[in-house]
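Below is one structure, written out as structure tokens; comments come after it.
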Amino acid sequence: MELTHRHYAGLLQGLVVLLGFSLTGFLGYALHAEQQRLMTQEFNQEYLLRVDSFKQNVLSHLATLHSLAILFETQTYVTKPLFKRVSAELIAYHSGIQALEWAPRVVHESRAEFEQEGLNHHSHFSITERHSSGAMQYAAERSEYYPIQFVEPIYNNEIVLGFDLLSDMRRKSTIQASRDLALPLATSSLKLVQDPKGHSAFLAMRPVYLDSPVTVLEKREHILGFVVGVFKVQALIAQSKLGKNEGDIAFTIKDVTEQTAQELHRDGTLEAGTPPVIAWIEVWGRDWQISATPSAQFIASRTSAMPYIVLVIGFLSTTLTVLYVRLLYRKQLAIAQAVRAKTYELDKANAQLQVLTQVDGLTQVSNRRLFDLQLQKEFRRAARISSPISLLVVDIDYFKEYNDRYGHIMGDECLRSVAQALNTLAKRPCDVFARIGGEEFVFILPDTERVDSLCDQCLEVVQGLKIRHEGSDASKFVSVSIGGAVMRPSSHESAEIALNHADRAMYTAKENGRNCAHIVNLVKPNSPQVPMSIVD
Ligand SMILES: Nc1nc2c(ncn2[C@@H]2O[C@H](COP(=O)(O)OP(=O)(O)OP(=O)(O)O)[C@@H](O)[C@H]2O)c(=O)[nH]1
């Protein structure tokens, strides 16, 4: 029982731990996941918004080249002031433009004339190229040139005047592709002639043709020149929302058009463990890839301690609940033990009380109460199984005289001795010997039909005590008279009948001179009653 209880308590604690920890873990994880999801969602939205702003900014800057190209397509002769005016106006609205340029096609035969014309506007004008040392020099002879004729603003850009775009490999390949395809194209990242710091920059070229050539040959024949835009990636970023970065997003912009990606810009360091969000934009024939991750600052500002608080509270409350269950269990155990101890004491007291209620205080043999109970019980049992039962009533002879002569205390002593002596004769567990009156005792003998021997033993043990009794006419020692009734009761007969018969038989024994027994055998009602007597 106790084991089951302990198992039950252990099981309950295990369940509380399992449920508490699982629930806490699940809740903490769910909160964390939800927080992550919201953060990623917010980051993606914010990031894509900034990328879109950047893209719009780049495209609107590039679109200025179309506006400028229209000038060359519609005017037969564009003067330097006209170019300056239109360009300045475009730049005023697009401050991310580093420079707008016009690079006409100049065949070698016209080089001298072109340079002469240029000298009208700028001293030392010539078609130039860059030496491997970085210094500008007079351009080597080739069949055609695309030198920068006009540039706006001129400030800080004088050096590019006369610079032949065909002299540089990257510019050359873009120019030729743009010319042959009649497509505006951007170059890969390159170092600007006018920017010794070498910030990432690119040129965008818009071809301008005479008429509308169709074939590549026609395009090569009819090309007038290129409207060129010079852009610094950094400036384009700064003008868009991508440039309003306050350190919350780390991003890189790479030109991935060719096999080897070229980094154009880097802002912060991408978080190593976080997969970056990637967006692509197409910039006049070039593919730019923008990768971003939320910065540690962004993550920190959107991460609350709530999941951890929930975890701590959950684990704590689970532990407290388990401790409480343990406490309850121990209390219950202590109560159960106390109850058991009390029950044991109570049972013991009850047993003692039971003995007290069934034992005669003076003689310590069974009392009248027990006799009555046992008589009813054994009588019913005998009737049920048709078994014989015998009753012997034993009465001390002349006990009044004994009391009178020897006093009450001696009388009590005599009663005790006689009772103890007779009690030894009730040998079987089912036999009952009880004191039912002052000096009157009784034997209940279940399953007994022959009592002669027991009667003899009774007379003998009492006589054997040799308690002197001068006042007795029956014997010089204390003696007893015995009345017995033997019967096989039927269910309608009451136990009192047997007791009456035994009582009457006892009086017969008294009449017969005392110190003898008289038995009434009721088993054979017609058989004569056989009196018995023993006289000392
Ligand atoms: N000492 C003592 N005497 C008791 C006790 N109970 C009853 N008696 C006495 O027992 C005596 C019984 O006397 P009786 O009924 O006249 O019977 P008897 O004197 O034995 O005469 P017979 O039975 O005819 O031989 C009375 O004097 C009671 O006072 C007891 O507990 N202690």
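Would you mind pulling out the separation of the Cα centroids of segment 390-418 and segment 1-33, in Å?
Cα centroid to Cα centroid, the span is 76 Å.
Take the alpha carbon atoms of segment 441-504, find their center, do the same for segment 50-92, and report the distance between the two centers in whole angstrom.
146 Å
Along segment 31-43, what does the Karplus equation 6.51 cos²θ - 1.76 cosθ + 1.60 (θ = phi - 60°) give for ³J(HN,Hα), rounded to whole Hz, x for Gly and Pro?
Values, residue by residue: 5, 4, 4, 5, 4, 5, 4, 5, 5, 4, 4, 5, 4 Hz.
Over all alpha-carbon pairs in segment 368-521, figure out the percentage whose distance exceeds 25 Å.
Across segment 368-521, Cα pairs with separations above 25 Å total 26 percent.
Place the peptides 312-322, 211-221, 417-427 in order of packing, highest mean first, counting for every residue the other Cβ atoms within 10 Å and averaging per peptide.
Working: 312-322: 14.6, 211-221: 12.6, 417-427: 17.8.
Going from most to least packed, we get 417-427, 312-322, 211-221.
Taking the highest mean first, how do the peptides 296-307, 383-394 order by number of other beta carbon atoms within 10 angstrom per residue?
Details: 296-307: 14.2, 383-394: 20.2.
By packing density, highest mean first, the sequence is 383-394, 296-307.
Order of Leu242, Leu375, Leu11 from fewest to most other C-beta atoms within 10 Å?
Leu11, Leu375, Leu242
Sum -39500 (n - 2.57) across every DSSP H segment of at least 4 residues in the chain, then divide by the residue count to get the 222 nm mean residue ellipticity, nearest 500.
On the way: 13 runs with 256 residues, N = 536.
Helix-only estimate at 222 nm: -16500 deg cm²/dmol.
Rank the residues Glu115, Glu101, Glu89 as a footprinting-exposure proxy: fewest other Cβ atoms within 10 Å of their Cβ go first. Provide the component values of the computation, followed by the final result.
Working: Glu115 18, Glu101 28, Glu89 14.
Starting with the residue having the fewest Cβ neighbours, the order is Glu89, Glu115, Glu101.
Could you run the Karplus curve 6.51 cos²θ - 1.76 cosθ + 1.60 with θ = phi - 60° over segment 247-258 and give me ³J(HN,Hα) per residue in whole Hz, x for Gly and Pro?
x, 8, 10, 9, 8, 10, 10, 10, 8, 10, 5, 8
With a 10 Å Cβ neighbour count serving as the proxy for reagent exposure, in which order, fewest first, do Arg179, Arg504 appear? Let's see the in-between values first.
Values: Arg179 23, Arg504 15.
By the 10 Å Cβ count, ascending: Arg504, Arg179.
Calculate one ³J(HN,Hα) per residue across segment 467-479 by plugging θ = phi - 60° into the Karplus curve 6.51 cos²θ - 1.76 cosθ + 1.60, and present them in order as whole Hz with x for glycine and proline.
These are the phi-based 3J(HN,Hα) values: 8, 5, 9, 5, x, 8, 8, 8, 6, 6, 10, 4, 10 Hz.
Considering only Cα-Cα distances, which of the following residue pairs are longer than 23 Å: Lys191/Lys254; Lys55/Lys219; Lys55/Lys84; Lys80/Lys219; Lys55/Lys244; Lys400/Lys466?
Working: Lys191/Lys254 16 Å; Lys55/Lys219 30 Å; Lys55/Lys84 27 Å; Lys80/Lys219 25 Å; Lys55/Lys244 14 Å; Lys400/Lys466 18 Å.
Pairs exceeding 23 Å: Lys55/Lys219; Lys55/Lys84; Lys80/Lys219.
Where Rh is the Kirkwood radius over the Cα pairs of segment 58-238, the temperature 25 °C and the viscosity 0.890 mPa s, what D in µm²/s does Stokes-Einstein return?
On the way: Rh = 16.3 Å.
The calculation lands on 150 µm²/s.
Work out, in µm²/s and without decimals, the Stokes-Einstein translational diffusion coefficient of the chain at 4 °C, 1.567 mPa s, Rh from Kirkwood over C-alpha pairs. Mind showing how you got there, number by number?
On the way: Rh = 35.4 Å.
Roughly 37 µm²/s, to the nearest whole number.
Name the residues whose placed amide hydrogens come within less than 5 Å of the amide hydrogen of Phe477, ignoring near sequence neighbours (fewer than 5 apart) on the same chain.
His469
What does the net charge come to around Leu185 if you take all other residues with beta carbon closer than 14 Å to its beta carbon, with K and R at +1 and D and E at -1?
+2
Just so you know, all these numbers are worked out from the coordinates, no wet-lab data involved. This one's a predicted model, so the numbers in the text were calculated from it and none came from an experiment. Cβ atoms come from the backbone with ideal geometry, glycine included; neighbour counts cover every protein chain shown.
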